[in-house]
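Undergrad: I'd like to ask some things about the structure below.
Computed from the coordinates by the stated procedures, all read-outs in this text should not be read as laboratory data. Source: prediction; values computed, not measured. Positions of Cβ are backbone-derived with ideal geometry, glycine not excepted, and every protein chain shown enters the neighbour counts.
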């Protein structure tokens, strides 16, 4: 668990890093324990990360080569 309190953006970046570097799926509870927040905060963060990734993927699709 991080020692310092993170901003929401820092927390989401950390969550994304945990997910990308994990060799196994992580539960919301596991992530919450690592980050030091409630599972419900993680649920909200995951929804925001998913929306952000969907926007990014749409931009990639819109690029014509």
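Undergrad: How far, in nm, would the chain grow between residue 38 and residue 13 when pulled straight, counting 0.36 nm per residue and subtracting the alpha carbon separation?
TA: Values: separation 25, 0.36 × 25 = 9.00 nm, distance 1.67 nm.
Working it through step by step, the gained length comes to 7.3 nm.
Undergrad: Counting other C-beta atoms within 10 Å, which of 53, 46 has the fewest, and how do the rest follow?
TA: Least crowded to most crowded, the residues run 53, 46.
Undergrad: With each label point set 7 Å from Cα along the Cα-Cβ vector, what nm distance links residue 4 and residue 47?
TA: Here the modelled spin labels are 3.0 nm apart.
Undergrad: Can you pull the one-decimal nm distance between simple spin-label points at residue 61 and residue 22, each 7 Å off the Cα toward Cβ?
TA: 2.6 nm
Undergrad: Next question. List the relative contact order of the chain as a percent without decimals, with contacts defined as Cα pairs under 8 Å and 6+ residues apart. Show your work: numbers first, answer last.
TA: On the way: 28 pairs, mean separation 20.2, N = 65.
Value for the chain: 31 percent.
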